[in-house]
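Taking it in order: structure first as structure tokens, then the write-up.
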Amino acid sequence: MSRPEAVNKILLGLVIVFAFFLRFYKVAEIPPALNWDETSIGYNAYSILKTGRDEWGKLLPVHFKSYGEYKLPAQVYASIPGIAIFGLNGLGVRITPVVYGTLTVLLLFFLARELFKNRWVGLGSAFLLAISPWHIQLTRASFESSFSVFWVTLGVWLFVKGFTNKKYWLLSVIPFVISIYTYNAARVFTPLFLIALFLIYRKEILKNTKTVILGILIFALSMIPLASFVISGEATARLQLVSITDDPGFTLRINEARGATNLPEPLPRLIHNKATHFVYVFAGNYLSHFTPDFLFINGAGHKQHHVQGIGELYAIQAPFILAGLYFLFKKNNKWRWLLTSWLLLAFIPVSVTVDSIPNALRTLLAAIPYQIITALGFYEIFKMLNRKNFLRWAMVAASAIVLVTSFKAYLNNYYNEYPKLYSRDWQYGYKEAVSYIKDNYSNYDLIVFSRTYGEPHMFTLFFLNWNPASYQNDPNLNR
């Protein structure tokens with residue numbers, strides 16, 4: 001092993017250890033409480049572990065009924081080992097996203113290195129994801145979105161490796177399929193992305209007809225368990241709650257726009273209708289995710305998904321993202337359309353909704369190409385300044401100072417301010433309330449738990465470690 005390779009491996013090891021530390025340190029305490037989705041995922045994983053059935057008594061389901069919608073299964077099943085080892089508690093639930101969040105950082109190194117045949121671009125991409133506020137926030141709690149990012153990244157890495165060894169193309173189908181079972185946004189993104197990859201690289205792909213046919217067959221067969229879920233309408237339960245067209249004000253705004261125009265009939269109806277209004281809202285939602293405010297200044301507004309007042313990306317990344325895009329297309333890089341289609345398609349699923357726009361959770365897939373493009377831009381500028389040694393190292397020093405300052409501010413906010421300011425947004429207090437009930441249960445004939453602040457039944461089941469078998473079979477429960 002050459003010295004540069006040894007140094008690179010040591011640096012990669014340090015990045016991975018650092019990524020794990022950032023996601024694991026005080027993970028059971030910060031975020032300040034388990035939210036209702038985490039307790040639902042955790043208790044259903046516990047129920048599967050103990051009985052093989054979910055909270056409703058369904059045997060090994062492919063979707064989990066929860067709070068008026070249906071969760072996809074991957075996150076629940078993936079949480080079983082953590083709960084088996086650490087118990088039904090905060091660490092047991094959150095260790096799973098910590099692990100796959102860290103593994104995503106490692107995968108990104110391999111992917112970026114494979115794309116550009118350059119270990120420094122790979123290392124830079126991995127480091128940026130390791131310290132990314134966007135990724136840290138969503139891998140320190142049990143969010144399904146971050147699990148889908150792991151599987152998509154693995155799928156893309158195997159797909160890219162398939163250009164040198166065709167067996168990897170078939171292997172890539174597996175993680176892409178699993179991503180569809182992780183999160184609703186991935187159910188839209190992954191098929192669109194696969195179509196884009198086929199169109200972009202169709203000449204190479206169609207040279208391997210048998211591989212293509214077998215891959216399509218594997219993908220189609222893997223979708224069978226979801227077929228009844230989709231046909232029944234359960235798959236769209238969440239979409240019906242947040243989609244543009246199901247918004248109660250959708251029709252009202254169309255009628256208001258028609259009434260405000262002075263144009264003669266039938267122009268108001270041609271200009272202001274469901275189709276045009278959908279396009280207008282969709283475009284506004286989509287473009288809101290490319291604003292400096294979302295990317296570099298304040299980030300998303302949903303307080304569970306992001307530390308307020310800090311961008312999803314560091315501001316210092318902005319010039320290097322532009323440089324990375326420039327060099328991607330200037331050099332006619334083979335992977336330019338893979339990265340840009342990944343980035344552009346990542347914002348489509350969220351754009352058909354009206355809930356929390358712009359949104360960090362449903363767009364986390366975009367964090368991966370952003371880190372790669374940033375690292376590429378930095379590396380290309382560094383290489384371009386090879387005859388101007390002072391400018392080269394001045395750029396490195398200035399970038400490092402700004403990045404460290406921004407990272408320090410983020411950590412201070414996340415560990416010191418965020419838990420105090422936004423504990424209510426994390427449903428803080430349910431654990432304490434259930435603890436009080438546990439200690440004082442015998443003193444009362446009846447205990448009433450209000451639904452004003454959320455869904456208390458799941459917190460009760462979770463924090464009392466309620467026996468899943470007795471809960472599933474209790475005839476006195478009103479479900």
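Tabulated data for the structure shown
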read-out	value
Of residues in the stretch 297-306 being assigned to a loop (DSSP other than H, G, I, E, B) and surrounded by fewer than 22 Cβ atoms within 10 Å (Cβ to Cβ), the one modelled with the lowest pLDDT	Gly301
Condition met for Ser2 (modelled with pLDDT of 95 or more and of a type in the set (S, T, N, Q))	no
Members of the stretch 256-296 that are exposed (fewer than 13 other Cβ atoms within 10 Å of the Cβ) and part of a loop (DSSP other than H, G, I, E, B)	Thr261, Asn262, Leu263, Pro264, Glu265, Pro266, Thr291
Close pairs from the stretch 392-411: first more than 18 Å from Gly311 (Cβ to Cβ), partner part of a helix (DSSP H, G or I), Cβ under 8 Å, at least 6 apart	Arg392/Phe382; Met395/Ile381; Met395/Phe382; Val396/Phe382
Evaluation of Arg362 against (1) in contact (Cβ under 8 Å) with a residue 12 or more places away in the chain; (2) among the basic types (Lys, Arg); (3) farther than 21 Å from Gly311 by Cα (one fails), failing number	(3)
Which numbered condition Ala196 fails, given (1) of a type in the set (Gly, Ala, Ser); (2) part of a helix (DSSP H, G or I); (3) closer than 30 Å to Val354 by Cβ; (4) within 18 Å of the chain's Cα centre (by Cα)	(4)
Exclusive hit being surrounded by fewer than 13 Cβ atoms within 10 Å (Cβ to Cβ) and touching a residue at least 40 places away in the same chain (Cβ under 8 Å), set Asn440, Asn473	Asn473
Yes/no for Leu343 being touching a helix residue (DSSP H, G or I) at 6+ places or on another chain (Cβ under 7 Å) and under 22 Å from Ala409 (Cβ atoms)	no
The lone exception for Ala185 - which of (1) among the small types (Gly, Ala, Ser); (2) under 29 Å from Asp37 (Cα atoms); (3) surrounded by fewer than 22 Cβ atoms within 10 Å (Cβ to Cβ) it fails	(3)
Residues being farther than 19 Å from Phe296 by Cα and assigned to a loop (DSSP other than H, G, I, E, B) - total across the stretch 344-366	3
Set Tyr379, Tyr370: member being under 22 Å from Val149 (Cα atoms), in contact with a helix residue (DSSP H, G or I) (Cβ under 7 Å, 6 or more places away or on another chain) and not in a loop (DSSP other than H, G, I, E, B)	Tyr370
Candidate set from the stretch 212-254 (those that are on the phi < 0 side of the Ramachandran plot and in a loop (DSSP other than H, G, I, E, B)); member that is modelled with the lowest pLDDT	Ser232
Residue count for the stretch 154-173, restricted to those that are aromatic (Phe, Trp, Tyr) and either within 17 Å of Leu217 (Cβ to Cβ) or within 24 Å of the chain's Cα centre (by Cα) (or both)	3
Unmet requirement for Val448, which otherwise passes all of (1) more than 24 Å from Ala141 (Cα to Cα); (2) not in a loop (DSSP other than H, G, I, E, B)	(2)
Verdict on Thr102 being under 16 Å from Leu12 (Cβ atoms), of a type outside the set (A, V, I, L, M, F, W, C) and either in a helix (DSSP H, G or I) or modelled with pLDDT of 95 or more (or both)	yes
Residue that is in contact with a Leu (Cβ under 6 Å, 6 or more places away or on another chain), of a type outside the set (D, E, K, R) and modelled with pLDDT of 95 or more, where the choices are Leu325, Leu338, Leu313, Leu287	Leu313
Any hit, the stretch 432-439, residues being closer than 30 Å to Lys65 by Cα, out of contact with any helix residue (DSSP H, G or I) (no Cβ under 9 Å at 6 or more places or on another chain) and aliphatic (A, V, I, L, M)	no
Exclusive hit being on the phi > 0 side of the Ramachandran plot and surrounded by fewer than 24 Cβ atoms within 10 Å (Cβ to Cβ), set Ser351, Ser356	Ser356
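The values are calculated or read from the model by the stated rules, or taken from the named source; none is laboratory data. Keep in mind the model is a prediction, meaning the values are calculated, not measured. FYI the Cβ positions are ideal-geometry reconstructions off the backbone, even for glycines, and counts take in every protein chain you see.
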